1. Just how much of S186 is accessible, in Å², when a 1.4 Å probe is used and the result is rounded to the nearest 10?
2. Calculate how steeply helix 201-214 sits against the longest principal axis of the alpha-carbon atoms of the chain, using the helix alpha-carbon long axis, and give the answer as 0 to 90 degrees to the nearest 10.
3. How big is the accessible area of E229 in square angstrom, nearest 10, if you roll a 1.4 angstrom probe over the protein chains?
4. From zero outward in steps of 10 Å, how is the percent of C-alpha pairs of segment 94-234 spread across the bins?
5. On a 0 to 90° scale, report how tilted helix 124-139 is relative to the longest principal axis of the chain, with both axes built from alpha carbons and the result rounded to the nearest 10.
6. Work out from phi, with θ = phi - 60° and the Karplus expression 6.51 cos²θ - 1.76 cosθ + 1.60, the ³J(HN,Hα) of each residue of segment 66-72, listed in order in whole Hz, and give x for Gly and Pro.
7. What whole-number value in Å² describes the accessible area per residue of segment 168-276 for a 1.4 Å probe?
8. How much accessible area per residue does segment 62-120 have, in Å², with a 1.4 Å probe?
Amino acid sequence: MELCRTVAELRARVNAARADGRRVALVPTMGALHAGHLSLVAEARRRADLVVVSIFVNPTQFAPNEDLASYPRTPESDLAQCREAGVDVVFAPAPAELYPAGAQTWVDVAELSQPLCGTSRPHFFRGVATVVTKLLVAAQPHVAVFGEKDYQQLQVVRRLARDLLLDVEIVGVATDREPDGLARSSRNVYLDAAMRPEALALVRALDDAEKAVAAGEHRVGVLEARVRELLARAPHAEIDYAEIRDAATLAAIETLRAPAVLALAVRFPAPRAASGHVRLIDNRVLLPQRSSGDPR
Ligand code: PAF
């Protein structure tokens, strides 16, 4: 496995592979790797000959009051896991490599970035879209792999690739979960023994909503109220958002007529985190049931 610190080193490696007719996959990460990331690497391996993992804690997606300084950093373990998983190249640049002094160019996916995480973290998707564009331009992969846990991020990345005419296939991978259903996240390390069971409120709420839709409930107001009621049963849960939106556009809807996404973001107290809390996200795509009157 090769470790590249500069864009020039990465490009040389990728260009050589492309010249040999090999397919290149990129898995962008911020490190603190866990089994969820490794499932992205496995998908990349299925789709390409050269697998590149980028490890870069992107400063522009954190607001000044957020957890950039205390974001978990585990470089030795990350490299060991990449080696073990058969990754070919790790790209781990310093911030100045991706943001040269005086950089003033941003990628802003205007509408998809507004709702959900965009409401409580208005700077977030501009930072993500900008760094992902830079990583795609630097690594020139045929395919780039992202987790579906970050549903809105995946839609933003798909849209920027389309709008900027980037010649890359964006692939989403199903959320990897702990045995009890909690979505794997680098931030789970901040959950203490008291909060860990409460965090399962998210997956319970998703399961309940899916069952309610399967039983024919298509009114978004009713479904969101059920979800909020279930989340509120976790005494320390503070809901950031719990919303059902159109799965493709993320537009607000009143009734499920097409695939929709139930997206959740919930804060729990976490004394180990610098901010004093941990914010967990999860989601489920809800498919409306066909009613007997619908055309076949
Ligand atoms: O999902 C993440 O880990 C990050 O948002 C990403 C896509 C690597 C961009 O920094």
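The values are calculated or read from the model by the stated rules, or taken from the named source; none is laboratory data. Everything numeric in this text was worked out from a predicted model, so none of it was measured. Just the protein is used for accessible areas: all its heavy atoms, side chains included, with ligands, DNA and RNA removed. Shrake-Rupley method; radii C 1.70, N 1.55, O 1.52, S 1.80 Å.
1. Probe radius 1.4 Å; accessible area of S186 about 10 Å².
2. Orientation of helix 201-214: about 60 degrees from the principal axis.
3. 100 Å²
4. Bins of 10 Å from zero give 10, 29, 34, 20, 7, 0 percent of pairs.
5. Once rounded, one gets 40 degrees.
6. 9, 8, 4, 5, 9, 4, x
7. Values: 5060 Å² over 109 residues.
Accessible area per residue: 46 Å².
8. Working: 3360 Å² over 59 residues.
So segment 62-120 comes to 57 Å² accessible per residue, rounded to a whole number.
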